[in-house]
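Chemist: Sharing a structure here in structure tokens format.
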Amino acid sequence: MAEAKLNVELIDFTQEALSIIYASCRQCYSSKFAGDIFNEDIDEEQKEEFVRKIAASGHESPLEHVKFTFAIQGVSRALTHQLVRHRIASYSQQSQRYVKEKGFDYIVPPSIEKNKKMKAEYLKVLDNIQHSYNALLELYDQDGIRGEKANEDARFVLPQAAETKIVVTMNARQLLHFFKERCCTRAQWEIRALANEMLQLCKEKLPSIFGKNSGPKCETLKFCPEGEKFACGKYPVLTEIK
């Protein structure tokens, strides 16, 4: 058992993404064939400016043709329960049926990390769970039940703190939505940290889409839609603007 840390890698990204978005946008307003538009000798800066303006106008459907695939590790099961609620995406997660957790790694919340007594209690609980999980597997083995048949029921005692690994693929439009929701200070701390890491990787690859207006929804709206009770103070709430 060991404390795990977040690690995010962009393992795949649509090649010629800018040209694909450019051709897709142009197709909506042109009698030309998108294949010909795609192959036009257009300056990259001109494409970027066009795509930036289109995206800022709210015409986001062409962004769905571009995808990003992330390999993610050092996250908890509590995080992935939230992550898979974003349904326009593909997920491949490490299975606790096929992968034994005889020495599971774990995530420690910052509020527990900074309090020695709380962390000691937290680690004691995790250690007890690990002991019980291993004991269950041994008892299953004594009954002649091994492999996934034993794992699938023994895993019921495992905590949400258990570290997991997952591959996530989202298109650019869905990523913008994901960042609006999960980069907000109202989001839970762990998934917010993940979203911010993913956003930085997207900005490096496609700044014309994931520029200064991507991230939490207030960055686009220039006001906080969460209301006075939940606002972080970075932007005014709508009632203050009115």
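Chemist: At what distance in nm do the modelled label points of Glu60 and Ala34 sit from each other, each positioned 7 Å from its Cα along Cα→Cβ?
Modeler: Between Glu60 and Ala34, the label points sit 1.9 nm apart.
Chemist: Cα-Cα over 18 Å: which of Lys5/Lys165; Lys32/Lys53; Lys117/Lys165; Lys5/Lys114?
Modeler: Lys32/Lys53; Lys117/Lys165
Chemist: Return a whole-number percent for the relative contact order of region 97-157, with Cα pairs under 8 Å and 6 or more residues apart as the contact set.
Modeler: Reported relative contact order: 47 percent.
Chemist: Now a separate question. Expressed as a rounded percentage, what relative contact order does the chain have, with Cα pairs under 8 Å and six or more residues apart?
Modeler: Value for the chain: 25 percent.
Chemist: Can you check what the Kirkwood hydrodynamic radius comes to for region 1-130, Cα pairs only, in Å to one decimal?
Modeler: It works out to 18.9 Å.
Chemist: Still on this structure: Between Arg186 and Leu238, what FRET efficiency comes out of the Förster formula 1/(1 + (r/R0)^6) with R0 = 22 Å and r the beta carbon distance, rounded to 0.05?
Modeler: Approximately 0.90, to the nearest 0.05.
Chemist: Testing the spin-label approximation: label points 7 Å from Cα along Cα→Cβ at Lys114 and Phe230. State their distance in nm.
Modeler: Between Lys114 and Phe230, the simple spin-label model gives 2.3 nm.
Chemist: Compute the helix-to-body angle for 44-56: its Cα long axis versus the longest principal axis of the chain, expressed 0 to 90° and rounded to tens.
Modeler: 70
Chemist: Still on this model: Could you point to the residue in Leu136, Leu126, Asn115 farthest towards the positive end of region 97-157's charge dipole, with +1 and -1 charges on the Cβ of Lys/Arg and Asp/Glu respectively?
Modeler: Most positive-ward Cα: Asn115.
Chemist: Calculate log10 I(q)/I(0) of region 155-202 for q = 0.28 Å⁻¹, where I(q) comes from the Debye formula with a single equal point scatterer on each Cα and nothing for solvent.
Modeler: Here log10 of I(q) over I(0) equals -1.09.
Chemist: Quick check: the angle from helix 17-29's long axis to the longest principal axis of the chain, C-alpha only, nearest 10 degrees?
Modeler: So the helix axis and the longest Cα principal axis differ by about 50 degrees.
Chemist: Follow-up question, since we're still on this one. With axes computed from alpha carbons, what is the tilt in degrees of helix 189-205 against the longest principal axis of the chain, rounded to the nearest 10 within 0 to 90?
Modeler: Compared with the principal axis, the helix lies near 40 degrees.
Chemist: Continuing with the same structure: Restricting to DSSP H runs of at least four residues, report the calculated mean residue ellipticity at 222 nm for the chain, -39500 (n - 2.57) per run over all residues, nearest 500 deg cm²/dmol.
Modeler: That calculation yields -14000 deg cm²/dmol at 222 nm.
Chemist: Can you give the Rg/Rh ratio of region 158-242, where Rg is from the C-alpha atoms and Rh is the Kirkwood radius?
Modeler: Value, to two decimals: 1.04.
Chemist: Taking the alpha-carbon set of region 97-157, what are its Rg and Dmax in Å?
Modeler: 14.1, 44
Chemist: Turning to a different aspect of this structure: Could you tell me the convex hull volume per residue, in Å³, taken over the Cα atoms of region 101-242?
Modeler: 154
Chemist: Please report the Cα spread of the chain along all three principal axes, rounded to whole Å, starting with the longest.
Modeler: So the three principal-axis extents are 72, 47, 23 Å.
Chemist: Given springs between every Cα pair under 10 Å in a Gaussian network model of the chain, which of Phe104, Phe33, Phe178 has the largest fluctuation?
Modeler: Maximum fluctuation in the GNM of the chain, among the listed residues, is at Phe33.
Taken together, the values in this text are just the output of simple stated rules run on the coordinates, not laboratory data. Computed from a prediction, not measured in an experiment: that's the story for all the values here. No Cβ is skipped: glycine too gets one built from the backbone with ideal geometry, and neighbour counts run over all protein chains shown.
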